1. Loop only per DSSP, at most 16 neighbouring Cβ atoms within 10 Å: give me the chymotrypsin sites (Phe, Trp or Tyr not before Pro) in region 281-329, ordered by residue number.
2. Which of rounded, prolate, oblate describes the chain, given a ≥ b ≥ c as roots of the alpha-carbon gyration tensor eigenvalues and a/c under 1.5 marking rounded, otherwise prolate only if a/b is larger than b/c?
3. Largest first and in whole Å, give the semi-axes of region 34-170's equivalent ellipsoid, each being the square root of 5 times a Cα gyration tensor eigenvalue.
4. With the chain treated as a Gaussian network of Cα nodes joined by springs under 10 Å, which of Lys126, Lys357, Lys239 yields the largest mean-square fluctuation?
5. Using the Cα gyration tensor of region 111-195, with a ≥ b ≥ c the square roots of its eigenvalues, what is the shape: rounded (a/c below 1.5), prolate (a/b larger than b/c) or oblate (neither)?
6. Enumerate by residue number the trypsin sites (Lys or Arg not before Pro) in region 85-117 meeting two conditions: DSSP loop (anything except H, G, I, E, B), and at most 16 other Cβ atoms within 10 Å of the site's Cβ.
7. Can you tell me the orientation of helix 208-218 relative to the chain, as the angle in degrees between its alpha-carbon axis and the longest Cα principal axis, to the nearest 10?
8. Just want the answer: with Cβ charges of +1 for Lys and Arg and -1 for Asp and Glu, which residue in Met115, Asn156, Met168 is farthest toward the dipole's positive end in region 102-196?
Amino acid sequence: MTAIHPEPTPSKAHQKAKALKPGSVRPAKELCSECGFCDTHYIHYVKEACAFLNQQFDNLEQTSHGRSRDLDNPDELYFGVQKTMMAARKIEPIPGAQWTGIVSTIAIEMLKRGMVEGVVCVQNTKEDRFQPMPVIARTPEEILAARVNKPTLSPNLSVLEQVEQSGMKRLLVIGVGCQIQALRAVQDKLGLEKLYVLGTPCVDNVTRAGLQKFLDTTSRSPETVVYYEFMQDFRVHFKHEDGSVETVPFFGLKTNQLKDVFAPSCMSCFDYVNSLADLVVGYMGAPFGWQWLVVRNETGQEMLDLVNELIETQPVMSKGDRKAAVQQSIPAYDKGVTLPMWAAKLMGVFIERIGPKGLEYARFSIDSHFTRNYLFVRRNYPQKLAAHVPEFAKRIVGQYELPEK
Ligand code: FAD
Ligand code: SF4
């Protein structure tokens with residue numbers, strides 16, 4: 001599926017193309033997710049490759065997985081092309097990983113067994129634990145140093161030129177949807193024999209400054225946060241340096257202050273589930289404490305098989321009905337309504353007891369974000385709406401009543 005037919009020599013125009021200087025306006029302008037692609041001479045292909053300039057899921061699903069998703073299959077409509085889905089966790093979790101460290105473990109195994117020569121992943125700078133620093137890791141230690149989310153836009157593709165220069169032939173790339181869309185569009189131009197793609201879902205990302213605003217308005221101690229996640233119990237969990245965990249109900253977030261904090265790219269993204277990765281590792285379709293895996297093709301299966309002995313698994317489950325909760329949340333999301341903390345806590349407890357679980361929680365989150373993002377694009381980029389929103393997202397959004405323009 002992901003066998004690659006490298007172009008014998010990159011075109012002259014490509015070789016001559018120059019990366020943009022730091023700080024200059026990117027072709028996607030304010031919708032740019034800073035994926036790093038334009039920091040390389042691959043910018044030559046940006047019009048076709050950029051996720052925000054050219055929506056082409058059908059095409060790229062076809063080249064990545066051998067077929068596009070079956071829109072009449074409810075699981076594929078929501079979660080993309082797949083062979084299997086499951087819940088899994090490491091028997092011995094990696095300390096300091098975002099969840100149990102399945103992503104880092106697969107990457108380490110691939111390197112140790114010589115399946116790849118390098119792994120594109122993202123460490124942080126020495127000065128700032130949340131400032132992303134993309135690298136091509138060549139040792140297990142360098143992969144481990146990239147564990148845990150850097151919850152900010154990250155220019156992972158900025159290392160693509162180094163891949164070409166290094167002469168590497170077998171590569172693993174770990175990344176989020178917008179990075180993987182641009183990567184897939186040029187994968188046959190990287191001179192590789194084999195590319196493996198290990199994706200994570202991604203939503204509501206922020207710039208480094210936006211992250212600071214989120215931490216300052218939401219956590220009791222922003223400077224000691226080492227990790228956070230929007231969990232399936234409808235709370236944000238912040239882990240602090242001293243190991244303590246602080247939880248804040250979603251419904252208590254100061255949405256009026258946070259309204260503009262999410263990057264415009266993420267407000268117009270419909271690739272929550274990383275449709276083009278070979279294997280996706282997230283959490284939202286799994287019970288609390290477990291990770292959620294979607295194997296999209298044979299290459300993904302090959303990657304997962306490497307860690308069979310190191311993980312325990314269970315089938316995915318689904319419980320509850322999300323539809324009313326999504327419909328009610330549409331105006332609140334749109335207007336940035338904030339509940340008082342006591343009401344937010346009460347609502348959180350109530351929803352946790354009777355609310356959507358497993359895959360139904362994942363559908364709840366996808367529906368809420370797709371309807372919000374559809375409204376964002378309709379309001380701010382009406383001329384892009386028809387082409388930018390993929391058919392699967394139009395069907396998902398079409399299940400709900402949206403406010404008039
Ligand atoms: P680890 O072993 O800790 O490895 C994490 C890997 O993520 C590292 O290899 C690192 O290179 C990579 N990474 C870190 N930050 C970034 C970044 N900014 N861009 C690209 N790659 C990065 N899952 C859901 O189910 N629902 C969500 O809404 C969701 N949102 C996410 C938002 C972001 C910004 C990110 C990065 C991930 C998100 N995930 C989401 C995935 C989830 O949080 C975990 O990353 C995933 O389950 C893997 O956990 P792990 O313990 O196996 O990862
Ligand atoms: Fe370039 Fe990536 Fe920004 Fe698109 S999102 S303009 S490809 S850096």
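Read-outs throughout are calculated quantities, based only on the coordinates presented, and are distinct from any laboratory measurement. The structure presented is a predicted model; accordingly, all values stated were derived computationally and were not measured. Every residue, glycine as well, gets a Cβ built from its backbone with ideal geometry; the counts of neighbours run over all protein chains shown.
1. Details: sites: Tyr283, Phe288, Trp290, Trp292; in loops: Tyr283, Phe288, Trp290.
Here the chymotrypsin sites (Phe, Trp or Tyr not before Pro) that fit, given the DSSP loop and packing criteria, are Phe288.
2. Values: a/c = 1.42, a/b = 1.29, b/c = 1.10.
The shape class here is rounded.
3. Details: eigenvalues 135, 105, 51 Å².
With the √(5λ) rule applied to region 34-170, the semi-axes are 26, 23, 16 Å.
4. Among Lys126, Lys357, Lys239, the largest mean-square fluctuation in the Gaussian network model of the chain belongs to Lys126.
5. Values: a/c = 2.03, a/b = 1.34, b/c = 1.52.
Cα axes put region 111-195 in the oblate bin.
6. Details: sites: Arg89, Lys90, Lys112, Arg113; in loops: Arg113.
The qualifying sites are Arg113.
7. 20 degrees
8. Met115
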